[in-house]
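Novice: Pasting in a structure now, in structure tokens, and then I'll have a few things to ask.
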Amino acid sequence: MKTNKLYAPEMHWENITLFPGTAEAKVLRDDGPGKAKTMLVRFHPGEAVKPHTHVATVQHYVIEGEYESEGSVYGAGTYRRLPEHTDVGCISTQNGVTILMIYDPV
């Protein structure tokens, strides 16, 4: 098995269109379409993601800042698991947020 080593602070943030909204990401792992993906995702103050549905399970771990979704606030240190086929409401942030997102394989 091949191991990978990345130093995220040296990676550049890239605009992504993976979901309906504006965000930047540093992709840490991408095993290809329909397979596992791990990335750091950053939303700037005032940005939001429109309601959407996940095909596979997605995990969120809030590294810094906070976001709001469906009446709950998810701050730094919060873990959230969204099972496959979950309808996700709007995700918004007033002051910005950085999230570790892990997409499980389909």
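The values are calculated or read from the model by the stated rules, or taken from the named source; none is laboratory data. Model, not experiment: these values are computed from the prediction. Cβ: placed from backbone, ideal geometry, glycine included. Neighbour counts: every protein chain shown.
Novice: Select from segment 61-71 the residues that are closer than 12 Å to residue 86 by Cβ and either in contact (Cβ under 8 Å) with a residue 24 or more places away in the chain or crowded, with 17+ Cβ neighbours inside 10 Å (or both) and list them in ascending order.
Specialist: 69 - this is the single residue of segment 61-71 that is closer than 12 Å to residue 86 by Cβ and either in contact (Cβ under 8 Å) with a residue 24 or more places away in the chain or crowded, with 17+ Cβ neighbours inside 10 Å (or both).
Novice: Of the residues that make up segment 35-57, is at least one out of contact with any His (no Cβ under 8 Å at 6 or more places or on another chain), assigned to a loop (DSSP other than H, G, I, E, B), modelled with pLDDT of 95 or more and β-branched (Val, Ile, Thr)?
Specialist: Yes, segment 35-57 contains a residue that is out of contact with any His (no Cβ under 8 Å at 6 or more places or on another chain), assigned to a loop (DSSP other than H, G, I, E, B), modelled with pLDDT of 95 or more and β-branched (Val, Ile, Thr).
Novice: A further question on this structure: Report, by residue number, each residue of segment 6-24 that is without any contact (Cβ under 8 Å) to a residue 24 or more places away in the chain and among the hydrophobic types (A, V, I, L, M, F, W, C).
Specialist: Result: 6, 11, 18.
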